[in-house]
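See below for the structure under consideration.
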Amino acid sequence: MQVSVAPDSATAAAVAATWVARQLRNAVQRRGVASIAVSGGRTPAAMFAVLAAMEVPWAEVTVFQVDERVAPDGDPARNAALLGLFPVASGRRRAMPVTARDLPSAARRYAASLPTRFDVVHLGLGDDGHTASWPPGDPVVESTSSVALCGEYRGHVRMTLTPAAVNAARHRVVLATGADKADPVRRWLLGDHSLPVQRVHRTDTVLVLDQAAAARLPSPAR
Ligand code: 6PG
């Protein structure tokens, strides 16, 4: 896994955006279309804003969600608003159907709408070593489906891509910034299997950090 350390969070966002833009351009060049699944939380908005202004054939790009909190439309907890940062037609913004009455069948429907392989999956890293909506100890990581529901975590049940879908992607980028990520980054790279992020294959994955999140990198990765 390639590890890139930027001096600050804004530069880390720009490094990740530049890498994603290149993967999307290559995908469209090779296959005529591109697909990306994006995570939520607080970190990604800066990266998505930079990415949206970059040279990408957006008319051929479809944007999916990695995960979404089960909450009403418009709820500030929802990640769906982040999809609005991408300059794609509304039909190419594929929000997870978390307001459906029957969530398991909604998850199956969303799974059926996915590409066989994403060109890019963007992941964040939680301070407890989760990624996507794979809470520590939650059996969602064992699901053989591409999309599943985890138990309640930090106030919400969530719909999420599973490791099966994330690891089938051609490329993955993990963007983590801030001092609260230094410990989970260290534990991840040292192989702590209690961390859900450990389920992410390291081949074809890049990890982009700022100095604060890289503060405890094990020495060989520096
Ligand atoms: C979510 C995200 C989640 C996120 C991490 C990091 O819905 O919460 O998809 O996996 O990437 O929790 O979140 P921050 O960027 O807010 O630290």
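At 1.4 Å probe radius, can you tell me the per residue accessible area of the range 100-222 in Å²? Don't jump to the answer; show the numbers that get you there.
Numbers: 5160 Å² over 123 residues.
Heavy-atom accessible area per residue stands at 42 Å².
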What are the residues whose amide H is under 5 Å from the amide H of T43, where those residues sit 5 or more places off or on another chain and H is modelled from the backbone? none
Measuring from label point to label point, each 7 Å out along Cα→Cβ, what is the L190 to D73 span in nm? 4.7
Would you grab the residues whose amide H sits under 5 Å from the one on V174? Only those 5+ places off in sequence or on another chain, please, with H modelled 1.01 Å from N. L123, V206, L207, V208
Determine ³J(HN,Hα), in whole Hz, for all residues of the range 30-35 in sequence, where each value follows from phi through the Karplus function 6.51 cos²θ - 1.76 cosθ + 1.60 and θ = phi - 60°; x replaces Gly and Pro. 7, 10, x, 9, 8, 9
Roll a 1.4 angstrom probe over the protein heavy atoms and tell me the percent of accessible area of the range 2-221 that is carbon or sulfur. 51
For the range 153-159, what does the Karplus curve 6.51 cos²θ - 1.76 cosθ + 1.60, with θ = phi - 60°, yield as ³J(HN,Hα) per residue in whole Hz, taken in order and with x for Gly and Pro? 9, 6, x, 9, 5, 9, 9
Percent relative contact order of the chain, based on C-alpha pairs within less than 8 angstrom and at least six residues apart? 25
Phi-based couplings in Hz for the range 63-78 (Karplus 6.51, -1.76, 1.60; Gly and Pro marked x): 10, 10, 9, 6, 7, 8, 7, 7, 7, x, 4, x, 5, x, 6, 5
The range 2-221: antiparallel DSSP beta bridges as a percent of all, rounded to 5: 25
Residues in the range 21-47 near a label at D8, defined as backbone nitrogen under 20 Å from the 7 Å Cα→Cβ point? 42-47
Between the range 72-135 and the range 141-170, the alpha-carbon center distance in angstrom: 10
Express in % the proportion of alpha carbon pairs of the range 25-77 at distances exceeding 17 Å. 48
Taking amide hydrogens as modeled 1.01 Å from N in the peptide plane, which residues meet the under 5 Å criterion relative to S35, leaving out close sequence neighbours? T62, D119, V120
Counting only DSSP loop positions in the range 1-99, the trypsin sites (Lys or Arg not before Pro) whose Cβ has at most 15 other Cβ atoms within 10 Å are R42
Go through the range 36-145 and name the GluC sites (Glu not before Pro) that are in a DSSP coil and have 12 or fewer other Cβ atoms within 10 Å of their Cβ. E55
Could you grab the Rg to Rh ratio for the range 12-139? Cα atoms only, Kirkwood for Rh. 0.95
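Can you give the Kirkwood hydrodynamic radius of the chain from its Cα pairs, in Å with one decimal?
Working: mean 1/r = 0.0578 Å⁻¹.
Radius from the Kirkwood sum: 17.3 Å.
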Taking 0.36 nm per residue of separation and subtracting the Cα-Cα distance, what length does fully extending R101 through D180 add? 24.8 nm
If you place +1 on the Cβ of every Lys and Arg, -1 on the Cβ of every Asp and Glu, and leave all else neutral, what size is the dipole of the range 2-221 about its Cα centre, to the nearest 20 Debye? 600
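The values are calculated or read from the model by the stated rules, or taken from the named source; none is laboratory data. These numbers come from a predicted model, not from an experiment. Quick reminder, even Gly has a Cβ in these numbers, built from the backbone with ideal geometry, and neighbours come from all protein chains shown. Heavy atoms of the whole protein, side chains included, go into the accessibility calculation; ligands, DNA and RNA do not. Shrake-Rupley method; radii C 1.70, N 1.55, O 1.52, S 1.80 Å.
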